[in-house]
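Colleague: Got a structure for you, questions after.
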Amino acid sequence: MEPETGDERQAMKTIKYCCCVLVLMLPVQAFAAAGSGDVSEKLKTYFNDVAEQVERTADADRKRSILNAALDEMTGAFSRLEAMENLPDESQQAIAAIKAELADRKNELNGREDYDRVDDEEIDDFVDFVQQSMEQALNSTITISAGTAIIIALLLILL
């Protein structure tokens, strides 16, 4: 067997490096693909938990406070995501649509921006409406990249 030249050694190192990168990328890609569906489910679960918390609370002011806090948390999470550099245009549009939906629901809850304030005795029904509204918004706008989906999932974990 002849000794390898410097060029052959370099070529072998490059091939090994490329193979290692490909092998390491496969699980990441699988996780990212699975992550986009998980994000939608995590958001739905979050709003379901908020709805249950509101419905278990007897005081209308406390109900309103819980829902306001949840809407603020979600808006903040999406604002942090939106501020990230190199976010694809599709993701930017999806995030903007979800943030607009969140703002509309908060304005409606509190009677701002030409909305009538939700009556105290209607807050339970309203939180169900918010939950359905957000699920609908997520179903129609979650066309975000898998990487963005992973970041959203991380932000939700931090909430």
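Colleague: Give the cross-link partners of Lys44 among the aspartates and glutamates, using a straight C-alpha distance below 19 Å as the criterion and excluding same-chain residues fewer than 8 apart.
Modeller: Reachable aspartates and glutamates: Glu52, Glu55, Asp72, Glu73, Glu101, Asp104, Asp124, Asp125, Asp128, Glu135.
Colleague: What does the accessible area of Glu85 come to, in Å² to the nearest 10, when a probe of 1.4 Å is used?
Modeller: The accessible area comes out at roughly 150 Å².
Colleague: Calculate the FRET efficiency for Gln92 and Thr45 from the Cβ-Cβ distance with a Förster distance of 22 Å, rounded to the nearest 0.05.
Modeller: Once rounded, the FRET efficiency stands at 0.35.
Colleague: Fully extended, how many nm does the chain gain between Ala69 and Gln132 (0.36 nm per residue separation, minus their Cα-Cα distance)?
Modeller: That works out to 20.9 nm of additional length.
The values are calculated or read from the model by the stated rules, or taken from the named source; none is laboratory data. None of these values were measured; they are calculated from a predicted model. Cβ sites come from the backbone with ideal geometry, for glycine too, and all protein chains shown count toward neighbours. Heavy atoms of the whole protein, side chains included, go into the accessibility calculation; ligands, DNA and RNA do not. Shrake-Rupley method; radii C 1.70, N 1.55, O 1.52, S 1.80 Å.
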